[in-house]
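As structure tokens, the structure follows; a few thoughts come after it.
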Amino acid sequence: FWKRWHMSLTSWLTDYIFTPLVWSRWGNKLLFGRRWEEKKPVVLINIVIVFLVSGLWHGAAYTYIVWGALNGLYRVGEELLHRLRPGRPSAGAAVTWAKRIGVFCLVALSLVFFRSTSVASALEVLGYLAIIEPPLSSVEKAYTLVVNGCSGDIAYAKLRIALLAVSLLLALAMDLRQLHSGRREPERATQLLGFSEWGRVAACAFMFIAIICIGSFGQSSFIYFNF
């Protein structure tokens, strides 16, 4: 996730903050004392520092600092897991998808702080997440919120929901080859499961049209103009 999120900012932070911190004499000497050269560079601590800086880059607010700290702890946790299980064999499809869902949930959790106006409001939102309701009730509420939030009439809102659902199914069909083979992403991403050449063209054309129908193309400014 972090290799693909905001690549320009990530590469800048890597080149000008992370690398100098890892290999700086004063930083390691401060932590280890005179015998700092016998120790390995402090990678884990510097990962957290870099993510805190990335939070401050978005704004001088506690919410951004918490967001950066959470993502820094996520990366440190991942790094520790890799160190505890070095050289492990590649995971199967079920484990891979479980990891993807887990990462998605953790990132979404951190974005609650990123989007909130204060830490208190973010904690209030997280408190609502702990309320358990019957699944059908939750789905009905989500559906009502989406329909009411769409501009235009109800029929158009329902059409947008249907286009989104079908597009998601097609997108998953592109990735289902992983369930049947251990091939890496560059190879399996070039084919769609069981689709002919014209089937691939039709699927891509449908999703392209769906993006045009679902997307918002108003005068809203680019999100990073806010930072």
Task: Residues located in segment 1-44, provided they are open to solvent by less than 60 Å² (accessible area, probe 1.4 Å) and modelled with pLDDT under 65 - done: Gly27, Asn28, Gly33, Trp36, Pro41
- [ ] Please work out if Arg160 is over 21 Å from the mean Cα position of the chain (by Cα), modelled with pLDDT of 65 or more and open to solvent by 70 Å² or more (accessible area, probe 1.4 Å).
- [x] no
TODO: Within segment 115-132, identify whether any single residue is touching a helix residue (DSSP H, G or I) at 6+ places or on another chain (Cβ under 8 Å) and closer than 17 Å to Phe18 by Cβ, and answer yes or no.
DONE: no
- [ ] Among the residues of segment 45-69, write down those that are open to solvent by 30 Å² or more (accessible area, probe 1.4 Å), aromatic (Phe, Trp, Tyr) and within 17 Å of the chain's Cα centre (by Cα).
- [x] Tyr64
TODO: Test Ser90 against the stated conditions and say whether it is within 23 Å of Ile214 (Cβ to Cβ), open to solvent by 50 Å² or more (accessible area, probe 1.4 Å) and either at pLDDT below 80 or in contact with an Asp or Glu (Cβ under 9 Å, 6 or more places away or on another chain) (or both).
DONE: no
TODO: Kindly indicate the residue of segment 163-182 that is within 23 Å of the chain's Cα centre (by Cα) and of a type in the set (Gly, Ala, Ser) and also modelled with the highest pLDDT among those meeting that condition.
DONE: Ala165
Task: Extreme residue, nearest to Ala157 (Cα to Cα), among residues of segment 193-216 that are open to solvent by less than 50 Å² (accessible area, probe 1.4 Å) and at pLDDT 80 or above - done: Ala210
- [ ] Return a yes/no flag: does segment 136-149 have any residue that is modelled with pLDDT under 70, part of a helix (DSSP H, G or I) and touching a helix residue (DSSP H, G or I) at 6+ places or on another chain (Cβ under 7 Å).
- [x] yes
Task: From Val66, Val103, Val119, residue being under 26 Å from Phe227 (Cβ atoms) and at pLDDT 95 or above - done: Val66
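The values are calculated or read from the model by the stated rules, or taken from the named source; none is laboratory data. Nothing here was measured: the structure is a model prediction, and the numbers come from that model. Neighbour counts run over all protein chains shown; Cβ positions are idealised from the backbone, glycine included. For accessibility, only protein heavy atoms count, side chains too; no ligands or nucleic acids. Shrake-Rupley method; radii C 1.70, N 1.55, O 1.52, S 1.80 Å.
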